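Notes follow once the structure below has been shown.
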Amino acid sequence: MNTLVGSGAGTMSAKTVTRADLCEAVYHKVGLSRTESAALVELVLKEITDCLERGETVKLSSFGSFVVRKKGERIGRNPKTGKEVPISPRRVMVFKPSAILKQRINSPSASAGE
């Protein structure tokens, strides 16, 4: 599955990969039926989502980690009016790519549209 398309002169435009694209890749590479491929992709995504909802870190070797962090209440500013407004506490998800993934996306072959 080619996700990056080079547009010359060192610039790249990224293609958005959808669930359907992931299902199609599983279908072609694993040999499951399209229905089974879609079910497998949905099952994996649901398991990742459920873990993150519980506040767990999801670590995928050679890929990266999805980490849920808590942000406390803070004061923000409305850029239009300049008025200070409180921003309520919330949880945010952060993706931390592995060193292997960083190396792969920065290798010369990745920019050539591998």
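Some notes on this structure:
- Counting only residues that are in a strand (DSSP E or B) and more than 28 Å from Ile48 (Cβ to Cβ), the stretch 59-114 holds 7 of them.
- Checked against (1) outside any loop (DSSP other than H, G, I, E, B); (2) surrounded by 14 or more Cβ atoms within 10 Å (Cβ to Cβ); (3) at pLDDT below 95; (4) not charged (D, E, K, R), Leu32 passes all but a single condition, namely (1).
- Scanning the stretch 59-71 for residues that are in contact with a Leu (Cβ under 6 Å, 6 or more places away or on another chain) and of a type in the set (Val, Ile, Thr) gives a single hit, Val68.
- Residue within the stretch 35-47 that is surrounded by fewer than 14 Cβ atoms within 10 Å (Cβ to Cβ), of a type in the set (Asp, Glu) and within 23 Å of Lys96 (Cβ to Cβ) present: yes
- Residue-level check: of (1) surrounded by 10 or more Cβ atoms within 10 Å (Cβ to Cβ); (2) charged (D, E, K, R); (3) modelled with pLDDT of 95 or more, Glu114 misses just (3).
- Residue count for the stretch 48-106 under the criterion of being over 30 Å from Ala14 (Cα atoms) and of a type in the set (S, T, N, Q): the result is 3.
The values are calculated or read from the model by the stated rules, or taken from the named source; none is laboratory data. Keep in mind that this is a model prediction, so the values were computed, not measured. Cβ atoms come from the backbone with ideal geometry, glycine included; neighbour counts cover every protein chain shown.
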